Ligand code: SAM
C-alpha cells in the first residue's frame, strides 16, 4: 500500500534534482504542493524549483548556520500538527547537506519524519562508476588542513569497500594528487556534472587521473569514486610515487630503471611517473 496522503505533524525529507529538473519525482511535486510549509536551505534556489512546478508555498530558511533556532521553530510547528517539507539546494537532504539535526530533534520528540527519496549525487556516481557497488563508504568532502586531510585519507588507506568523495572543483587537482600519494594507484571514476548536459564519467586510475588534471581545468560538480584496498595489495600500494621509485633506487637501481620499474608495477607509462615525480613536493627533484 502506498503512502500518499499528506499527514499533519510530519516532516518530509524531499530529494530534489542534482541538475536535471525532470528528475523531480511525482511524489515530491505532490508533497511540495500540499505541505503547510517548506524549510529550504536557500529559499531563492527553492523558489525557482517551486516556480517550475507552479507551486506557491510559505518557506522558511533552514541552513547549517541557523539549524538550532530554526530547528526549534520547525519542531514546534510540527508538534502543533503542521506538515513541512525539508529541501536543500540539490539532492537528498542530510547527505552533505542540512537535515540530520532536525531529524534527530524530531526523533527525540516523537515527531513523525518520512522520506521522499530521489536524486543523490553519491549514489548516482557509485552506480555509474563500474566499481564494486555491493559495499561502499560515503566520505563526503575531505576538508581541513593538508595534515588533517592526509590523516583522514591515511585512515582510509586499508578500507576495502569502494569509497565515495565529494569535491569542489577547485580542490579536484589537489584531492586527486593526495589520493594517489596516500592510496597508491587504484581505479577511480571521476563523475562530473551528473544528469546535466555535460555529464562526464572518466574511468581511469589515480595516477593517470592526477596527471590528467595537471593540465585539465576542473569545471562543474564532481563526485570521485575510488576502488577499495584489495587483499592482494602489492608491496608498493601504500607508497607515494617518489617512495616507490626511491625504493628501487635504494635497492641499487639506476634512476631511469627505477622509474621504468615503478611504471611497470603501476601499469602506467614512464612519463606518468616522471610527471608525478616532478610535481611531487616531497621529492628532491634530482631526476
Ligand atoms: N545532498 C546532495 C546529494 O544528495 O548529492 C549533496 C550536496 S553537497 C553540498 C554538493 C556536492 O555534491 C557537490 O560539491 C558535488 O560533489 C556533489 N554533486 C551535487 N550535484 C552533482 C552533480 N550533478 N554531479 C556531480 N556531483 C554533484
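The values are calculated or read from the model by the stated rules, or taken from the named source; none is laboratory data. Note that the coordinates shown come from a computational prediction; the quantities given were computed from them, not determined experimentally. Positions of Cβ are generated from backbone atoms using ideal geometry, with glycine treated the same way; all protein chains shown enter the neighbour counts.
Number of residues in the stretch 1-28 that are surrounded by 19 or more Cβ atoms within 10 Å (Cβ to Cβ) and farther than 24 Å from residue 79 by Cα equals 5. Hey, does the stretch 199-207 have a residue that's in contact with a strand residue (DSSP E or B) (Cβ under 6 Å, 6 or more places away or on another chain), under 20 Å from residue 262 (Cβ atoms) and within 16 Å of the ligand (Cβ to nearest atom)? Looking for residues that are in contact with a strand residue (DSSP E or B) (Cβ under 6 Å, 6 or more places away or on another chain), under 20 Å from residue 262 (Cβ atoms) and within 16 Å of the ligand (Cβ to nearest atom), one finds none in the stretch 199-207, hence no. Of all the residues in the stretch 1-43, those that are within 24 Å of the chain's Cα centre (by Cα) and part of a helix (DSSP H, G or I) number 5.
Would you tally the residues in the stretch 84-122 being within 11 Å of the ligand (Cβ to nearest atom) and more than 18 Å from residue 36 (Cα to Cα)?
Of the residues in the stretch 84-122, 17 are within 11 Å of the ligand (Cβ to nearest atom) and more than 18 Å from residue 36 (Cα to Cα).
Restricting the stretch 157-172 to residues that are surrounded by fewer than 20 Cβ atoms within 10 Å (Cβ to Cβ) and more than 15 Å from the ligand (Cβ to nearest atom) leaves a set whose member that is farthest from the chain's Cα centre (by Cα) is 158.
For residue 245, the test of being outside any loop (DSSP other than H, G, I, E, B) and outside the structural domain of residue 267 (by TED's automatic domain parsing) is failed. Can you tell me which condition residue 60 does not meet? The list is (1) touching a strand residue (DSSP E or B) at 6+ places or on another chain (Cβ under 6 Å); (2) assigned by TED's automatic domain parsing to the domain that holds residue 42; (3) in contact (Cβ under 8 Å) with a residue 60 or more places away in the chain; (4) surrounded by fewer than 16 Cβ atoms within 10 Å (Cβ to Cβ), and all the others hold. Going through (1) touching a strand residue (DSSP E or B) at 6+ places or on another chain (Cβ under 6 Å); (2) assigned by TED's automatic domain parsing to the domain that holds residue 42; (3) in contact (Cβ under 8 Å) with a residue 60 or more places away in the chain; (4) surrounded by fewer than 16 Cβ atoms within 10 Å (Cβ to Cβ) one by one, residue 60 breaks only (3). For the stretch 96-109, taking the residues that are surrounded by 18 or more Cβ atoms within 10 Å (Cβ to Cβ) and under 17 Å from the mean Cα position of the chain (by Cα), the one that is nearest to residue 80 (Cα to Cα) is identified as 99.
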